[in-house]
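Undergrad: Questions regarding the structure given below will be posed in turn.
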Amino acid sequence: MRKVPVVLLAVCLVLSGCSFLGGTGTPTAGPNPGPGTDTGTPVDGQVDPPGIENGRLTDLNVLLDAHETALLETGFEADLRANATNSFEGEVYESRQRQQTIVEPGATEYRFRTTSVGDGFVANNWGNESTTVIRARIGNTTRYQVEDATADRLLTTRPVLENYLNATEMTVVERGTIRDGQQVVRLENEGTPYVDELERGVVPRNASDLRNWTVTAVVDDRGRVLQFRATGEYTLQEQAGELDIRFSVLRTDEPSVERPEWVGEALERAAEQS
């Protein structure tokens, strides 16, 4: 299979907003609930996360509002990986992207790094409450870009979570505790995505025969989606394809961010061009 042209990929990731956003850090094993209890109405001091009632995800916006608010309050480090079989101009290719993010409390400063495995594309980003500075490398070419601050919803990976958690009914299949008694629930999907969700881009355009579709999420009592995964198989251009998207929150202990040296050079270049 031939890979999509590097230049097109870079434009998609950096400029069009179709990327999955991420910063720095090494991923570790995601949280797993302890011994399961009742999966319906919580009992014995259990607390349902916002947007979850009677063992079901009933209001996705409420859940993701809580997810975004809680992560930004403490700051966080997260890792997102998106692997998928896709197509471009009739050619099928494997897209393997990773974004790593580290954000200070209140998003006063943040960094994220985007990579495309096998394509030689790397984008490093640093930002604060007013500005985002990007250094993108494609092969031997380096480009700098200065933009407005990255939206909170992108830093917290909300669009990705929203897209996949909204595609099917999600129900609580397990309750438990992690990290000093922190309460969590594990959600799983029921069935495959609705037709209109497929058209919206849950799987690559023109994919058909979606099968073996699984979406899981581990959510704490504050609404933070600590771990998420969506997998599926499909047919694309008469070839077998698959999708695997994983998101993990690695830490929420008020991490700090240092401004890289290259940011000063990028800002000077932008000032000269203005």
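The values are calculated or read from the model by the stated rules, or taken from the named source; none is laboratory data. Treat the numbers as computed from the prediction; the structure is a model and nothing was measured. Backbone-built Cβ (ideal geometry, glycine too); neighbour counts: all protein chains shown. What goes into the accessible areas is simple: the full protein's heavy atoms, side chains included, and nothing from ligands, DNA or RNA. Shrake-Rupley method; radii C 1.70, N 1.55, O 1.52, S 1.80 Å.
Undergrad: Which of rounded, prolate or oblate describes region 149-274 when judged by the alpha-carbon gyration tensor and an a/c cut-off of 1.5? Numbers along the way, then the final one.
TA: On the way: a/c = 2.86, a/b = 1.29, b/c = 2.22.
Verdict is oblate for region 149-274.
Undergrad: So how strong a dipole does region 102-167 carry about its Cα centre when Lys and Arg Cβ are +1 and Asp and Glu Cβ are -1, to the nearest 20 debye?
TA: Working: 7 positive and 8 negative charges, 60 e Å.
In debye, rounded to 20, region 102-167 gives about 280.
Undergrad: Quick one: check the C-alpha center-to-center distance for region 58-86 versus region 136-194, whole angstrom.
TA: 4
Undergrad: Same structure again: If you roll a 1.4 Å probe over the heavy atoms of the protein chains, what accessible area per residue do you get for region 101-227, in Å²? Write out the running numbers ahead of the final one.
TA: Working: 5620 Å² over 127 residues.
With all protein chains present, region 101-227 gives 44 Å² per residue.
Undergrad: What net charge is computed for the residues neighbouring Thr131, neighbours being all others with C-beta under 12 Å from the C-beta of Thr131, Lys and Arg scored +1, Asp and Glu -1? Each step should come with its number before you reach the end.
TA: Numbers: positive: Arg259; negative: Glu109, Glu129, Glu147, Asp148.
Result for the local shell: -3.
Undergrad: Right, here's the next one. Just to confirm a number: summing +1 for Lys and Arg and -1 for Asp and Glu over residues other than Arg186 whose beta-carbon lies under 12 angstrom from that of Arg186, what do you get?
TA: On the way: positive: Arg175, Arg229; negative: Glu174, Glu188, Asp220.
That sum, taken over residues with Cβ under 12 Å, equals -1.
Undergrad: Net charge near His67, counting Lys/Arg +1 and Asp/Glu -1 over other residues with Cβ under 9 Å of its Cβ?
TA: Taking every other residue near His67 into account, the sum is +1.
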